[in-house]
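The values are calculated or read from the model by the stated rules, or taken from the named source; none is laboratory data. All figures in this text were calculated on a predicted structure; none of them were measured in a lab. Don't worry about glycine lacking a Cβ; one is built from the backbone with ideal geometry, like all the others, and counts go over all protein chains shown.
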Amino acid sequence: MESNYLKEDKTLVLKITEELDHHMVEKLRRKADYEIERHIPRKVIFDFNQVSFMDSAGIGLILGRYKNISILGGQLELINVNEQVEKILNMSGVLKLIKINKEECA
Amino acid sequence: MVSKYDNEMKLEFLSKSSNEAFARIAVAAFASQLDPTIEEIADIKTAVSEAVTNCIIHGYENTQGIVKVHCIIKNNQLIIEISDTGVGIEDVNMAKEPLYTSKPNLERSGMGFTIMQSFMDELNVESVVNLGTKVTMKKTIKQSLKGEDNQNNICITA
Ligand SMILES: Nc1ncnc2c1ncn2[C@@H]1O[C@H](COP(=O)(O)OP(=O)(O)O)[C@@H](O)[C@H]1O
Ligand SMILES: [Mg+2]
């Protein structure tokens, strides 16, 4: 996962470069929470461009970060989500809480 | 060994989370002989990942055990059995409910069985408390008509 904090926008971009399964998610959770607590961003963007695989462990990761970010008063957004990942997010109701931004490709 | 199936393979590995990727990639590679679409391969990988993860975190509760994967190809159907000899499931119907998880503290979403069910054609869960759990999933891979078209062309031109 690559993290990039845009100071002016108070936006933290977390680009996921790993396959999102139970094995990888444990490490990503720690890294994401560390970056979120460090910056207290107004907005966090998860970039899925390089996510070639996701199972239900990814749902837990996204919902867990959504909770933490909301408590700190921030927003969460997902970008570059492929069809397979969207299918899983849709099925679990995540998209009722968190939106996919289809315009931004940053 | 004489098999009554068109093809068959078995895998056994330790219940380590690093084997989740290994298992789904191995099954996807085995399934590729049925000439599945990219979407079908993605569905199979996701379903296998869910079942194997369940053996590791629920069946063995992160202690050491053996996860078994048995794949069969019969006609155009892929049959995948994934089993553990762990704690078992008391109420399978409740476990299969969308969003049900016995480990919400681990950020589990309770969507594993729902994903297996919807990404495969059939899902069957057999479990005995303290003996273990076996998940059987089936998926028929529709054969593309490419081959037939070619044969027709050859007939016509011959
Ligand atoms: N192999 C297994 N051994 C024991 N319990 C299992 C197994 N697979 C699933 N379960 C039980 O079924 C529940 C639902 O599984 P699932 O739908 O994959 O959700 P999750 O893994 O997110 O909890 C689990 O929380 C667990 O209690
Ligand atoms: Mg599961």
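Scanning the stretch B:76-88 for any residue that is assigned to a loop (DSSP other than H, G, I, E, B), at pLDDT below 95, within 16 Å of ligand 2 (Cβ to nearest atom) and closer than 26 Å to residue B:26 by Cβ turns up nothing. Taking the stretch B:52-71, which residues are of a type in the set (A, V, I, L, M), buried (at least 16 other Cβ atoms within 10 Å of the Cβ) and part of a strand (DSSP E or B)? Scanning the stretch B:52-71 gives B:67, B:69.
Are any of the residues in the stretch B:22-34 modelled with pLDDT of 95 or more and within 16 Å of ligand 2 (Cβ to nearest atom)? Steps first, please.
Of the residues in the stretch B:22-34, the ones modelled with pLDDT of 95 or more are B:22-34.
Now narrow it down to the ones that are within 16 Å of ligand 2 (Cβ to nearest atom): B:23-24.
Yes, the stretch B:22-34 contains a residue that is modelled with pLDDT of 95 or more and within 16 Å of ligand 2 (Cβ to nearest atom).
Of the residues making up the stretch A:43-81, those that are away from ligand 1 (no atom under 16 Å from the Cβ) and over 28 Å from residue A:7 (Cα atoms) number 2. Contact annotation: residue pairs with Cβ atoms under 9 Å, 6 or more positions apart or on different chains, pairing a residue in the stretch B:26-41 that is within 14 Å of chain A (Cβ to nearest Cβ) and surrounded by 18 or more Cβ atoms within 10 Å (Cβ to Cβ) with a partner that is assigned to a loop (DSSP other than H, G, I, E, B) and aliphatic (A, V, I, L, M), are B:36/B:141; B:40/B:141. Please enumerate the residues belonging to the stretch A:1-49 that are within 14 Å of another protein chain (Cβ to nearest Cβ) and exposed (fewer than 13 other Cβ atoms within 10 Å of the Cβ). Passing the criteria: A:27, A:30. Scanning the stretch B:82-91 for residues that are surrounded by fewer than 19 Cβ atoms within 10 Å (Cβ to Cβ) and more than 8 Å from ligand 1 (Cβ to nearest atom) turns up B:85, B:90, B:91.
What tally of residues in the stretch A:49-88 results from selecting those that are within 21 Å of residue B:48 (Cβ to Cβ) and either touching a His at 6+ places or on another chain (Cβ under 8 Å) or within 16 Å of ligand 2 (Cβ to nearest atom) (or both)? Walk me through it before giving the result.
Applying the first criterion (within 21 Å of residue B:48 (Cβ to Cβ)) to the stretch A:49-88 yields A:51-61, A:82-88.
Cutting the leftovers down to either touching a His at 6+ places or on another chain (Cβ under 8 Å) or within 16 Å of ligand 2 (Cβ to nearest atom) (or both) gives us A:53-61, A:88.
Here the count works out to 10.
Scan the stretch B:106-119 and give yes if some residue there is in a loop (DSSP other than H, G, I, E, B), more than 13 Å from ligand 1 (Cβ to nearest atom), at pLDDT below 95 and not aromatic (Phe, Trp, Tyr), otherwise no. No - not one qualifying residue is present in the stretch B:106-119.
Taken together, A:74, A:64 contain a single residue that is surrounded by 17 or more Cβ atoms within 10 Å (Cβ to Cβ) and within 14 Å of another protein chain (Cβ to nearest Cβ), which is A:64.
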